[in-house]
Amino acid sequence: KEGAEAAINSSGFRPGNVAYSASDAPSGQVVAQSPKSGEMLEKGKAISYTVSTGPATKTVPTVAGQSSEAAQAAIAAAGFLLGNIAEEYSDIYEAGLVTRTDPAAGTEQKEGTAISIFVSKGKGITVQGLVGETLRKSEIKARLSGLKVSFVEVPIYEVENDSIAIGTVLDQSIAAGEVVAEGTEITVTLVVEDVDDDEPEEIEV
């Protein structure tokens, strides 16, 4: 603004009305003037101009807890575009409901910004790491509560490492730290004294 006034004064004119308007131009930049540049004007006449206030912004709506369809409609009504739709586990929202947005609800964003939504896949379970621990089957089931647990038994006489004891977990089919749905099957390889049954034991907890 100051630069515009200085330019007008140095050209022999005087600043007229100053308007402010949202635009894609940086805040404070002159985006229009009247009369336009190049038009003939008597010395001392006023030149009015418009200063940008920066891009127009809107508030991202809160859509958590809504269906995906309702959330998309709310985002469009607020003046935004729909970004990606991703799924994630949630302990708060049941499957099919929106858990959050990115950018987050309540933030000010440029009109037309793409807003991504995340939809709940239901409650997730974080798998615990058991490999290397010595545990009873009941303890393993408790540690993997909510999952369908099956065992592959390896007799101690087949284990080459003398430091491994009966009850040691050699492997698990889902890595520690992964988040999976309730009822997901997981197989635990366990050292036993002897194999009682060729079929793995399967127990749903």
- Message: Between Ala7, Ala73, which is aliphatic (A, V, I, L, M) and at pLDDT below 90?
- Response: Ala7
- Any chance segment 11-27 includes a residue that's within 30 Å of Val98 (Cα to Cα), surrounded by fewer than 13 Cβ atoms within 10 Å (Cβ to Cβ) and not β-branched (Val, Ile, Thr)? no
- Return yes or no: is Lys137 surrounded by 13 or more Cβ atoms within 10 Å (Cβ to Cβ), touching a residue at least 60 places away in the same chain (Cβ under 8 Å) and farther than 30 Å from Val195 by Cα? no
- Query: Taking only pairs six or more apart or across chains, which ones have beta-carbon atoms under 8 Å, a first residue in segment 10-22 that is among the polar types (S, T, N, Q), and a second residue that is part of a loop (DSSP other than H, G, I, E, B)?
  - Reply: Ser21/Thr53
- From the set of residues in segment 152-186 that are of a type in the set (S, T, N, Q) and in a strand (DSSP E or B), which is farthest from Gly132 (Cα to Cα)? Gln172
- Please indicate, with yes or no, whether at least one residue in segment 85-107 is within 30 Å of Asp24 (Cα to Cα), without any contact (Cβ under 8 Å) to a residue 40 or more places away in the chain, outside any loop (DSSP other than H, G, I, E, B) and in contact with a helix residue (DSSP H, G or I) (Cβ under 9 Å, 6 or more places away or on another chain). yes
- Restricting attention to segment 130-151, which residues are in a loop (DSSP other than H, G, I, E, B), in contact with a Gly (Cβ under 8 Å, 6 or more places away or on another chain) and of a type outside the set (A, V, I, L, M, F, W, C)? Arg136, Gly146
- Query: Take the residues of segment 60-89 that are closer than 15 Å to Asp102 by Cβ and of a type in the set (Ser, Thr, Tyr): which is surrounded by the most Cβ atoms within 10 Å (Cβ to Cβ)?
  - Reply: Ser68
- Task: Look through segment 108-129, keep the residues that are assigned to a strand (DSSP E or B) and free of Cβ contacts under 8 Å to residues at least 40 places away in the same chain, and return whichever of them is farthest from Gly177 (Cα to Cα).
- Result: Ala114
- Message: Name the residue that is farthest from Asp91 (Cα to Cα), counting only residues in segment 184-205 that are at pLDDT 90 or above and exposed (fewer than 15 other Cβ atoms within 10 Å of the Cβ).
- Response: Glu193
- First in segment 51-74 and without any contact (Cβ under 8 Å) to a residue 24 or more places away in the chain, second anywhere and not hydrophobic (A, V, I, L, M, F, W, C), Cβ under 8 Å, 6 or more apart: Ala74/Pro61; Ala74/Gln66
- Note on the structure: Of the listed residues (Val131, Val119, Val152), the one being touching a Ser or Thr at 6+ places or on another chain (Cβ under 7 Å) and over 26 Å from Glu94 (Cβ atoms) is Val152
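The values are calculated or read from the model by the stated rules, or taken from the named source; none is laboratory data. Keep in mind the model is a prediction, meaning the values are calculated, not measured. Quick reminder, even Gly has a Cβ in these numbers, built from the backbone with ideal geometry, and neighbours come from all protein chains shown.
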